[in-house]
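The values are calculated or read from the model by the stated rules, or taken from the named source; none is laboratory data. Small disclaimer: the values here were computed from a predicted structure and weren't measured. All Cβ positions, glycine included, derive from the backbone under ideal geometry; neighbour counts span all protein chains shown. Remember, those area values only see protein heavy atoms, side chains included, never the ligands or the DNA or RNA. Shrake-Rupley method; radii C 1.70, N 1.55, O 1.52, S 1.80 Å.
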Amino acid sequence: MNHLGILTLNPDPTNPFYSGIGKESLSYPICLHLFSPEDLSPFTEGIEGYTYCRESGVWKEDAFRIPEYLYDRTYYQAGKQQQAKAVVQWLKQQPHVTFLGYGLPNKWVLYEELQKGPLAPYLPGTRLLKEVEDLTAFLNREEEAIIKPVDGAHGFGIYHLRTNGPSIIVRTTKKDGILSHTFHNRDEFKRFTLRLMKKHTFLIQRRLENQVQDRPYDLRIHMAKDQNGNWQEYHRAFRYGHPEGILTNVSSGAEYVPYDEWKAAHPAPPWAVMEEELKEILSILPLELEERFSPLLELGIDITIGADHSIWLLDINSKPGHKLMQTGGIDSSELSRIPLDHCMNLSSQSAPTRSDH
Ligand SMILES: Nc1ncnc2c1ncn2[C@@H]1O[C@H](COP(=O)(O)OP(=O)(O)O)[C@@H](O)[C@H]1O
Ligand SMILES: [Mg+2]
(Lines give C-alpha, C1' and ligand atoms only; values in the text may rest on other atoms or scores of the structure.)
(Ligands and ions follow the chains in the order given, each with its own letter.)
Protein backbone atom coordinates (compact mmCIF):
# COMPACT_ATOMS: atom_id res chain seq x y z
CA MET A 1 0.00 0.00 0.00
CA ASN A 2 1.30 3.46 -0.90
CA HIS A 3 0.60 6.41 1.36
CA LEU A 4 -0.33 9.66 -0.35
CA GLY A 5 -0.94 12.83 1.63
CA ILE A 6 -2.86 15.82 0.28
CA LEU A 7 -1.19 18.92 1.70
CA THR A 8 -3.50 21.90 2.11
CA LEU A 9 -3.80 24.86 4.45
CA ASN A 10 -7.50 24.09 4.76
CA PRO A 11 -7.94 20.34 5.32
CA ASP A 12 -11.70 20.42 5.02
CA PRO A 13 -13.04 16.84 4.73
CA THR A 14 -16.24 18.14 3.10
CA ASN A 15 -14.33 19.65 0.15
CA PRO A 16 -15.65 17.74 -2.89
CA PHE A 17 -12.26 17.77 -4.63
CA TYR A 18 -10.64 15.86 -1.76
CA SER A 19 -13.55 13.42 -1.35
CA GLY A 20 -13.44 12.91 -5.12
CA ILE A 21 -9.81 11.80 -4.87
CA GLY A 22 -10.83 9.66 -1.87
CA LYS A 23 -13.54 7.88 -3.82
CA GLU A 24 -11.24 7.21 -6.78
CA SER A 25 -8.45 6.02 -4.47
CA LEU A 26 -10.50 2.88 -3.69
CA SER A 27 -9.43 1.36 -6.98
CA TYR A 28 -5.74 2.02 -6.28
CA PRO A 29 -3.43 0.51 -3.64
CA ILE A 30 -3.20 3.97 -2.12
CA CYS A 31 -4.05 4.98 1.43
CA LEU A 32 -4.99 8.64 1.32
CA HIS A 33 -4.36 11.29 3.98
CA LEU A 34 -5.40 14.92 4.18
CA PHE A 35 -3.58 17.41 6.37
CA SER A 36 -2.20 20.89 6.86
CA PRO A 37 1.56 21.46 7.15
CA GLU A 38 0.61 23.42 10.27
CA ASP A 39 -0.50 20.14 11.89
CA LEU A 40 2.86 18.43 11.54
CA SER A 41 4.74 18.36 14.80
CA PRO A 42 8.38 19.33 14.21
CA PHE A 43 9.45 17.31 17.26
CA THR A 44 7.75 13.97 16.70
CA GLU A 45 7.18 14.35 12.94
CA GLY A 46 3.68 13.07 13.67
CA ILE A 47 0.67 14.56 11.91
CA GLU A 48 -2.89 15.19 13.06
CA GLY A 49 -5.20 15.12 10.08
CA TYR A 50 -7.59 12.84 8.22
CA THR A 51 -7.26 9.42 6.65
CA TYR A 52 -9.71 8.24 4.00
CA CYS A 53 -11.47 5.20 5.39
CA ARG A 54 -11.61 2.61 2.62
CA GLU A 55 -14.45 0.71 4.31
CA SER A 56 -16.86 3.59 4.91
CA GLY A 57 -15.67 5.95 2.17
CA VAL A 58 -15.36 8.96 4.50
CA TRP A 59 -12.51 10.98 5.94
CA LYS A 60 -11.74 10.10 9.56
CA GLU A 61 -9.69 12.12 12.01
CA ASP A 62 -6.40 10.35 12.45
CA ALA A 63 -2.80 10.67 13.59
CA PHE A 64 -0.14 9.36 11.20
CA ARG A 65 3.48 9.61 10.11
CA ILE A 66 4.60 11.68 7.13
CA PRO A 67 3.22 9.90 4.03
CA GLU A 68 5.84 8.84 1.49
CA TYR A 69 4.08 10.71 -1.35
CA LEU A 70 2.71 14.23 -1.08
CA TYR A 71 0.30 16.13 -3.32
CA ASP A 72 0.92 19.79 -2.56
CA ARG A 73 -2.23 21.93 -2.85
CA THR A 74 -1.14 24.69 -0.46
CA TYR A 75 -1.80 28.26 -1.53
CA TYR A 76 -0.12 31.18 0.18
CA GLN A 77 -1.04 34.80 0.18
CA ALA A 78 1.94 36.91 -0.89
CA GLY A 79 4.27 37.20 2.10
CA LYS A 80 1.96 35.30 4.48
CA GLN A 81 1.77 31.84 6.11
CA GLN A 82 5.57 31.73 6.30
CA GLN A 83 5.50 28.96 8.92
CA ALA A 84 3.50 26.55 6.76
CA LYS A 85 5.67 27.44 3.77
CA ALA A 86 8.80 26.61 5.77
CA VAL A 87 7.35 23.20 6.75
CA VAL A 88 6.62 22.42 3.10
CA GLN A 89 10.16 23.48 2.14
CA TRP A 90 11.49 21.20 4.88
CA LEU A 91 9.33 18.30 3.63
CA LYS A 92 10.74 18.78 0.13
CA GLN A 93 14.23 18.17 1.55
CA GLN A 94 13.29 14.87 3.21
CA PRO A 95 14.84 11.92 1.39
CA HIS A 96 11.99 9.55 2.32
CA VAL A 97 9.31 11.89 0.95
CA THR A 98 8.45 12.36 -2.72
CA PHE A 99 6.25 15.20 -3.92
CA LEU A 100 4.03 14.50 -6.93
CA GLY A 101 5.19 17.89 -8.17
CA TYR A 102 7.73 20.26 -6.66
CA GLY A 103 6.14 23.52 -7.74
CA LEU A 104 7.65 26.50 -9.51
CA PRO A 105 9.80 29.37 -8.22
CA ASN A 106 8.47 32.91 -8.03
CA LYS A 107 7.47 34.85 -11.13
CA TRP A 108 10.81 36.66 -11.39
CA VAL A 109 13.01 33.55 -11.20
CA LEU A 110 10.66 31.85 -13.65
CA TYR A 111 10.97 34.76 -16.09
CA GLU A 112 14.74 34.96 -15.81
CA GLU A 113 15.14 31.23 -16.44
CA LEU A 114 12.66 30.95 -19.33
CA GLN A 115 14.28 33.99 -20.93
CA LYS A 116 17.32 31.79 -21.54
CA GLY A 117 15.40 29.24 -23.60
CA PRO A 118 13.28 28.85 -26.73
CA LEU A 119 10.15 30.36 -25.16
CA ALA A 120 11.76 33.77 -24.61
CA PRO A 121 9.87 35.39 -27.53
CA TYR A 122 6.57 34.56 -25.83
CA LEU A 123 7.38 36.19 -22.50
CA PRO A 124 6.17 39.76 -21.99
CA GLY A 125 9.16 41.95 -21.07
CA THR A 126 9.41 41.98 -17.28
CA ARG A 127 11.64 43.84 -14.88
CA LEU A 128 12.09 43.93 -11.18
CA LEU A 129 10.91 47.05 -9.37
CA LYS A 130 14.02 47.87 -7.35
CA GLU A 131 13.78 51.65 -7.12
CA VAL A 132 10.80 53.95 -7.48
CA GLU A 133 12.67 55.51 -10.41
CA ASP A 134 12.41 52.17 -12.28
CA LEU A 135 8.67 52.64 -12.33
CA THR A 136 8.56 56.37 -13.05
CA ALA A 137 11.02 55.95 -15.92
CA PHE A 138 8.95 53.06 -17.29
CA LEU A 139 5.77 55.15 -17.09
CA ASN A 140 7.42 58.16 -18.72
CA ARG A 141 8.31 55.92 -21.63
CA GLU A 142 5.32 53.57 -21.92
CA GLU A 143 2.52 55.59 -20.30
CA GLU A 144 0.94 52.40 -18.91
CA ALA A 145 2.21 49.64 -16.67
CA ILE A 146 1.11 46.65 -14.64
CA ILE A 147 2.91 45.88 -11.41
CA LYS A 148 2.46 42.60 -9.53
CA PRO A 149 4.08 40.84 -6.56
CA VAL A 150 6.70 38.23 -7.53
CA ASP A 151 4.94 35.72 -5.29
CA GLY A 152 1.34 36.76 -6.00
CA ALA A 153 -1.55 34.54 -7.10
CA HIS A 154 -5.26 34.86 -7.86
CA GLY A 155 -4.80 38.42 -9.07
CA PHE A 156 -3.60 39.61 -5.66
CA GLY A 157 -1.72 42.91 -5.50
CA ILE A 158 -1.99 43.75 -9.20
CA TYR A 159 -1.95 47.46 -10.02
CA HIS A 160 -2.63 49.15 -13.32
CA LEU A 161 -0.87 52.50 -13.69
CA ARG A 162 -1.42 55.08 -16.39
CA THR A 163 -0.03 58.55 -16.90
CA ASN A 164 -2.45 61.34 -17.70
CA GLY A 165 -0.40 64.44 -18.41
CA PRO A 166 1.52 65.13 -15.21
CA SER A 167 -0.81 62.87 -13.17
CA ILE A 168 -0.67 59.12 -12.60
CA ILE A 169 -3.83 57.05 -12.28
CA VAL A 170 -3.45 53.92 -10.16
CA ARG A 171 -6.13 51.23 -10.23
CA THR A 172 -6.40 47.98 -8.35
CA THR A 173 -9.07 45.37 -7.72
CA LYS A 174 -10.73 45.06 -4.33
CA LYS A 175 -13.51 42.76 -3.20
CA ASP A 176 -16.25 45.15 -4.25
CA GLY A 177 -14.71 46.42 -7.46
CA ILE A 178 -12.01 48.67 -8.84
CA LEU A 179 -10.35 51.17 -6.57
CA SER A 180 -8.87 54.10 -8.45
CA HIS A 181 -6.73 56.99 -7.29
CA THR A 182 -5.17 59.84 -9.24
CA PHE A 183 -1.85 61.17 -8.02
CA HIS A 184 -1.44 64.77 -9.15
CA ASN A 185 1.84 65.06 -7.40
CA ARG A 186 4.84 62.89 -8.31
CA ASP A 187 6.25 62.95 -4.77
CA GLU A 188 2.99 61.62 -3.45
CA PHE A 189 3.12 58.85 -6.07
CA LYS A 190 6.69 58.03 -5.05
CA ARG A 191 5.68 57.72 -1.41
CA PHE A 192 2.80 55.44 -2.38
CA THR A 193 5.14 53.24 -4.46
CA LEU A 194 7.67 53.05 -1.64
CA ARG A 195 4.93 51.88 0.72
CA LEU A 196 3.96 49.12 -1.73
CA MET A 197 7.59 48.11 -2.17
CA LYS A 198 7.95 47.68 1.58
CA LYS A 199 5.13 45.12 1.54
CA HIS A 200 6.11 43.05 -1.49
CA THR A 201 8.69 42.68 -4.22
CA PHE A 202 7.04 43.78 -7.47
CA LEU A 203 7.52 43.14 -11.16
CA ILE A 204 6.85 45.74 -13.84
CA GLN A 205 5.31 44.85 -17.20
CA ARG A 206 3.69 46.86 -19.94
CA ARG A 207 -0.05 46.35 -20.05
CA LEU A 208 -0.85 43.85 -22.79
CA GLU A 209 -3.78 44.74 -25.02
CA ASN A 210 -5.95 41.93 -23.82
CA GLN A 211 -9.33 43.66 -23.90
CA VAL A 212 -12.40 42.83 -25.92
CA GLN A 213 -15.18 45.39 -25.55
CA ASP A 214 -13.25 46.91 -22.69
CA ARG A 215 -13.22 43.63 -20.78
CA PRO A 216 -9.89 41.83 -20.20
CA TYR A 217 -9.78 38.22 -21.37
CA ASP A 218 -7.29 35.40 -21.61
CA LEU A 219 -6.95 31.73 -22.36
CA ARG A 220 -6.35 29.27 -19.52
CA ILE A 221 -4.87 25.90 -20.43
CA HIS A 222 -4.63 23.04 -17.98
CA MET A 223 -1.94 20.44 -18.58
CA ALA A 224 -1.04 17.43 -16.48
CA LYS A 225 0.88 14.18 -16.68
CA ASP A 226 -1.19 11.22 -17.81
CA GLN A 227 -1.07 7.59 -16.62
CA ASN A 228 2.16 7.06 -18.52
CA GLY A 229 3.79 10.18 -17.19
CA ASN A 230 3.43 12.05 -20.49
CA TRP A 231 2.21 15.64 -20.52
CA GLN A 232 -1.30 16.11 -21.91
CA GLU A 233 -3.63 19.03 -22.27
CA TYR A 234 -6.77 18.39 -20.21
CA HIS A 235 -8.72 21.53 -20.79
CA ARG A 236 -8.72 25.01 -22.27
CA ALA A 237 -11.20 27.81 -21.75
CA PHE A 238 -11.40 31.57 -21.99
CA ARG A 239 -11.76 33.80 -18.98
CA TYR A 240 -13.57 37.09 -19.46
CA GLY A 241 -13.17 39.77 -16.80
CA HIS A 242 -15.39 42.66 -15.74
CA PRO A 243 -15.91 45.78 -17.90
CA GLU A 244 -12.98 48.14 -17.29
CA GLY A 245 -11.48 45.41 -15.10
CA ILE A 246 -7.82 44.52 -14.80
CA LEU A 247 -7.98 40.83 -13.94
CA THR A 248 -9.11 37.66 -15.67
CA ASN A 249 -8.78 35.43 -12.61
CA VAL A 250 -11.95 33.43 -12.01
CA SER A 251 -11.41 34.10 -8.29
CA SER A 252 -11.90 37.79 -9.03
CA GLY A 253 -15.21 37.18 -10.76
CA ALA A 254 -14.14 36.60 -14.38
CA GLU A 255 -16.63 34.66 -16.44
CA TYR A 256 -15.76 31.29 -17.87
CA VAL A 257 -16.36 30.86 -21.61
CA PRO A 258 -15.92 27.44 -23.27
CA TYR A 259 -13.17 27.49 -25.90
CA ASP A 260 -15.33 26.73 -28.94
CA GLU A 261 -18.00 29.16 -27.85
CA TRP A 262 -15.45 31.98 -27.65
CA LYS A 263 -14.01 31.08 -31.04
CA ALA A 264 -17.45 31.05 -32.65
CA ALA A 265 -18.23 34.46 -31.16
CA HIS A 266 -14.88 35.87 -32.37
CA PRO A 267 -14.30 34.57 -35.89
CA ALA A 268 -11.82 37.26 -36.98
CA PRO A 269 -8.54 36.04 -35.43
CA PRO A 270 -6.54 33.53 -37.49
CA TRP A 271 -7.34 30.68 -35.09
CA ALA A 272 -5.70 27.91 -37.13
CA VAL A 273 -2.36 29.74 -37.18
CA MET A 274 -2.62 30.63 -33.50
CA GLU A 275 -3.52 27.06 -32.55
CA GLU A 276 -0.45 25.75 -34.38
CA GLU A 277 1.72 28.24 -32.53
CA LEU A 278 0.13 27.26 -29.23
CA LYS A 279 0.67 23.58 -29.95
CA GLU A 280 4.35 24.27 -30.48
CA ILE A 281 4.60 26.28 -27.24
CA LEU A 282 2.79 23.63 -25.20
CA SER A 283 4.95 20.85 -26.59
CA ILE A 284 8.02 22.64 -25.21
CA LEU A 285 6.81 24.34 -22.03
CA PRO A 286 6.33 21.51 -19.46
CA LEU A 287 9.60 19.80 -20.36
CA GLU A 288 11.46 23.09 -20.40
CA LEU A 289 10.14 23.86 -16.90
CA GLU A 290 11.03 20.43 -15.53
CA GLU A 291 14.49 20.65 -17.01
CA ARG A 292 15.16 24.09 -15.55
CA PHE A 293 13.49 23.53 -12.18
CA SER A 294 12.13 20.26 -10.81
CA PRO A 295 9.52 17.59 -11.54
CA LEU A 296 5.95 18.84 -11.91
CA LEU A 297 2.52 17.25 -12.13
CA GLU A 298 0.05 19.91 -13.28
CA LEU A 299 0.22 23.30 -14.93
CA GLY A 300 -2.32 26.09 -15.31
CA ILE A 301 -1.04 28.31 -18.11
CA ASP A 302 -2.39 31.84 -18.64
CA ILE A 303 -2.09 32.81 -22.29
CA THR A 304 -2.76 36.40 -23.25
CA ILE A 305 -3.71 37.18 -26.83
CA GLY A 306 -2.78 40.66 -27.99
CA ALA A 307 -4.86 42.87 -30.26
CA ASP A 308 -2.52 41.84 -33.11
CA HIS A 309 -3.19 38.14 -32.27
CA SER A 310 0.23 37.77 -30.69
CA ILE A 311 0.50 35.03 -28.08
CA TRP A 312 2.01 35.71 -24.67
CA LEU A 313 2.87 33.37 -21.83
CA LEU A 314 1.68 35.59 -19.01
CA ASP A 315 1.62 33.33 -15.99
CA ILE A 316 2.30 29.68 -15.18
CA ASN A 317 0.82 28.02 -12.09
CA SER A 318 1.95 24.66 -10.76
CA LYS A 319 -1.13 24.28 -8.53
CA PRO A 320 -3.92 25.30 -10.87
CA GLY A 321 -7.45 25.61 -9.58
CA HIS A 322 -9.87 22.98 -10.84
CA LYS A 323 -13.05 25.06 -10.71
CA LEU A 324 -12.78 26.18 -14.31
CA MET A 325 -12.48 22.61 -15.53
CA GLN A 326 -15.32 21.31 -13.44
CA THR A 327 -17.59 24.06 -14.78
CA GLY A 328 -16.24 23.15 -18.19
CA GLY A 329 -17.71 19.69 -17.99
CA ILE A 330 -14.45 17.86 -17.33
CA ASP A 331 -15.25 14.64 -15.57
CA SER A 332 -14.22 15.16 -11.96
CA SER A 333 -13.11 11.54 -11.68
CA GLU A 334 -10.63 12.23 -14.49
CA LEU A 335 -9.20 15.08 -12.43
CA SER A 336 -9.12 13.00 -9.25
CA ARG A 337 -7.14 10.29 -10.99
CA ILE A 338 -4.31 12.67 -11.99
CA PRO A 339 -2.56 12.57 -8.57
CA LEU A 340 -3.43 8.89 -8.01
CA ASP A 341 -2.04 7.75 -11.37
CA HIS A 342 1.07 9.80 -10.83
CA CYS A 343 1.57 8.35 -7.36
CA MET A 344 1.41 4.86 -8.88
CA ASN A 345 3.84 5.88 -11.58
CA LEU A 346 6.35 7.17 -9.07
CA SER A 347 6.01 4.14 -6.84
CA SER A 348 6.56 1.77 -9.77
CA GLN A 349 9.72 3.70 -10.64
CA SER A 350 11.07 3.51 -7.12
CA ALA A 351 10.17 -0.17 -6.56
CA PRO A 352 13.21 -2.43 -6.67
CA THR A 353 13.23 -3.97 -10.15
CA ARG A 354 13.26 -7.74 -10.32
CA SER A 355 16.10 -9.20 -12.28
CA ASP A 356 14.83 -11.79 -14.79
CA HIS A 357 18.04 -13.57 -15.43
N1 LIG B 1 1.08 42.72 -18.22
C2 LIG B 1 -0.24 42.55 -18.13
N3 LIG B 1 -1.07 43.10 -19.05
C4 LIG B 1 -2.41 42.97 -18.99
N5 LIG B 1 -3.03 42.27 -18.01
C6 LIG B 1 -2.27 41.70 -17.05
C7 LIG B 1 -0.83 41.81 -17.07
N8 LIG B 1 -0.35 41.15 -16.00
C9 LIG B 1 -1.43 40.64 -15.35
N10 LIG B 1 -2.58 40.98 -15.98
C11 LIG B 1 -3.94 40.57 -15.58
O12 LIG B 1 -3.90 40.19 -14.23
C13 LIG B 1 -4.20 38.80 -14.08
C14 LIG B 1 -3.34 38.20 -12.99
O15 LIG B 1 -1.97 38.30 -13.32
P16 LIG B 1 -1.02 37.03 -13.33
O17 LIG B 1 0.28 37.48 -13.88
O18 LIG B 1 -1.70 35.90 -14.01
O19 LIG B 1 -0.83 36.74 -11.77
P20 LIG B 1 -1.66 35.83 -10.74
O21 LIG B 1 -2.75 35.12 -11.50
O22 LIG B 1 -0.65 34.88 -10.22
O23 LIG B 1 -2.15 36.76 -9.71
C24 LIG B 1 -3.94 38.21 -15.44
O25 LIG B 1 -4.69 37.02 -15.62
C26 LIG B 1 -4.35 39.34 -16.37
O27 LIG B 1 -5.77 39.36 -16.51
MG1 LIG C 1 -2.59 34.09 -13.31
*Using label points projected 7 Å from each Cα along Cα→Cβ, tell me how many nm separate Arg162 and Glu55, to one decimal.*
6.4 nm
_Coil-residue trypsin sites (Lys or Arg not before Pro) of the stretch 207-296, DSSP, other Cβ within 10 Å capped at 10_ = none
*Would you calculate the separation in nanometres between label points at Asn228 and Arg215, each defined as 7 Å from the Cα along the Cα-to-beta-carbon direction?*
4.0 nm
*Might you report the magnitude of the Cβ-based charge dipole of the chain about its Cα centre, with Lys and Arg at +1 and Asp and Glu at -1, to the nearest 20 debye?*
1060 debye
*Per the 1.4 Å probe, what fraction of the accessible area of the chain, in percent, lies on carbon and sulfur atoms?*
49 percent
*Between the stretch 188-231 and the stretch 254-289, what is the C-alpha centre distance in whole Å?*
18 Å
*Highest mean first, what order results for 44-50, 192-198 on Cβ atoms within 10 Å?*
44-50, 192-198
*To the nearest 10 square angstrom, what accessible area does Tyr217 show with a 1.4 Å probe?*
20 Å²
*asked:* At 7 Å along Cα-to-Cβ for each site, give me the label-to-label distance between Glu276 and Phe43 in nm.
replied: 6.6 nm
*asked:* If R₀ is 51 angstrom, what is the calculated FRET efficiency for the pair Arg141 and Gln81, using the beta carbon separation as r and rounding to 0.05?
replied: 0.85
_Kirkwood Rh and Cα Rg combined as Rg over Rh, evaluated for the stretch 1-154_ = 1.11
*Between helix 186-199 and the chain: long-axis angle, C-alpha atoms, 0 to 90°, nearest 10*: 10 degrees
_No solvent, one uniform scatterer per C-alpha: report log10 I(q)/I(0) for the chain via the Debye equation at q = 0.08 1/Å, two decimals._
-0.45
_Just the number: Rg to Rh for the stretch 74-226, Cα atoms, Kirkwood Rh, two decimals._
1.01
*Once you sort the root eigenvalues of the Cα gyration tensor of the stretch 230-291 as a ≥ b ≥ c, which label holds: rounded (a/c under 1.5), prolate (a/b larger than b/c) or oblate (the other case)?*
oblate
*Cleavage-rule hits, GluC sites (Glu not before Pro), the stretch 112-143, DSSP coil, Cβ neighbours within 10 Å at most 15*: Glu131, Glu143
*asked:* Only four residue types carry charge here, +1 at the Cβ of Lys and Arg and -1 at the Cβ of Asp and Glu. Report the dipole size of the stretch 5-75 about the Cα centre in Debye, rounded to the nearest 20.
replied: 240 debye
*Solvent-accessible area per residue, Å², over the stretch 1-154 with all protein chains present [probe radius 1.4 Å]*: 49 Å²
*Residues Lys23 and Lys190, FRET efficiency given R0 of 56 Å [Cβ-Cβ distance, rounded to 0.05]*: 0.50
*Residue (of Leu129, Gln93, Ala145) at the positive-pole extreme of the stretch 88-145, dipole from beta-carbon charges*: Gln93
